[in-house]
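Inspection log for the structure reproduced underneath, given as structure tokens.
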Amino acid sequence: EEPGLGNLGGGSDHVGFYTHAGVPSAGLSSGNPSGVYHSNYDNFAWFERFGDTAWVYGPMVARVDGVLALRFANADVLPYDVARYASDTRTHVETLYRVAESRGLEVDFARLVESTAELDAAAAELVAARQRWIESGEVDAERAEAVNRALIGLEKAWLNDRGLQGRPWSRSIYVSPDPFSGYASWMLPGLRYEIETDDRADLPGWERVYIGAVRELVERMRGVAGMMEH
């Protein structure tokens, strides 16, 4: 069973890396809302007396961070789960459908969903090429560095130079903080904004933008697979 994975929102250091530069990011944590966040009680004394009295959760998160860092640093080829791009995109589209329904809007993103089939195939090709390369025992450091840089660069397929509606600095069309609260996570935010503002007129254009990004991601994946085959 996979650990619980959410979507990154706003209000933290990852925003610039993830939503502007297109750098894969993660935020590890444990626990539930404490009730003291951003108050005078949000301090070390509260944490020591009430938050983590046995010093279990803080060290646990630190250990997980350390294990991840060691795993990435010692991997010949980064263990990037590229297959999640297609499945997660479809999941996010389903979320958009639910949001639209709650607002009484009828939307159709069938073409975007159809485009992810090619993404599934490209991810499978990349995973197979990576496995063959690792099993060959011929992973040289110079080529591995280039491959790993290309893997990290996959996320940049989602960057749009025009940015999001009213937010040109937010270039990732895959994820952004909710523009109204600044905290909640919006996935596929270009489409989400049009739904949240009850404006369907620009949805077809934005869907084309997303289909273009998916195709760019497919080409990048095929490029990485090719780097490992030669």
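Counting the residues of region 155-168 that are free of Cβ contacts under 8 Å to residues at least 12 places away in the same chain and not acidic (D, E) gives 3. Of all the numbered requirements in (1) assigned to a loop (DSSP other than H, G, I, E, B); (2) within 15 Å of G226 (Cα to Cα); (3) among the acidic types (D, E), E125 misses one, and that requirement is (1). Just the residues that are at positive phi and either over 15 Å from the mean Cα position of the chain (by Cα) or not in a loop (DSSP other than H, G, I, E, B) (or both), please, taken from region 2-52. G11, G31, G35, H38, listed by residue number. Could you check, for region 22-35, whether at least one of its residues is closer than 19 Å to I152 by Cβ, surrounded by 10 or more Cβ atoms within 10 Å (Cβ to Cβ), in contact with a Ser or Thr (Cβ under 8 Å, 6 or more places away or on another chain) and hydroxyl-bearing (S, T, Y)? No - not one qualifying residue is present in region 22-35. Taken over region 71-86, the residue count meeting the criterion of being part of a helix (DSSP H, G or I) and without any contact (Cβ under 8 Å) to a residue 24 or more places away in the chain is 5.
Can you confirm whether region 169-184 contains a residue that is part of a helix (DSSP H, G or I), of a type in the set (A, V, I, L, M, F, W, C) and touching a residue at least 40 places away in the same chain (Cβ under 8 Å)? Looking through region 169-184, none of the residues is part of a helix (DSSP H, G or I), of a type in the set (A, V, I, L, M, F, W, C) and touching a residue at least 40 places away in the same chain (Cβ under 8 Å).
Any residue in region 29-49 that is touching a strand residue (DSSP E or B) at 6+ places or on another chain (Cβ under 6 Å) and touching a residue at least 24 places away in the same chain (Cβ under 8 Å)? Taking every residue of region 29-49 in turn, none turns out to be touching a strand residue (DSSP E or B) at 6+ places or on another chain (Cβ under 6 Å) and touching a residue at least 24 places away in the same chain (Cβ under 8 Å).
Among the residues of region 185-214, just one is of a type outside the set (K, R), within 18 Å of L119 (Cβ to Cβ) and without any contact (Cβ under 8 Å) to a residue 12 or more places away in the chain, namely G212.
All of the numbers you see were taken from the coordinates with simple rules; none came from a lab. Bear in mind the structure is a predicted one, so any value in this text is a computation, not a measurement. Backbone-built Cβ (ideal geometry, glycine too); neighbour counts: all protein chains shown.
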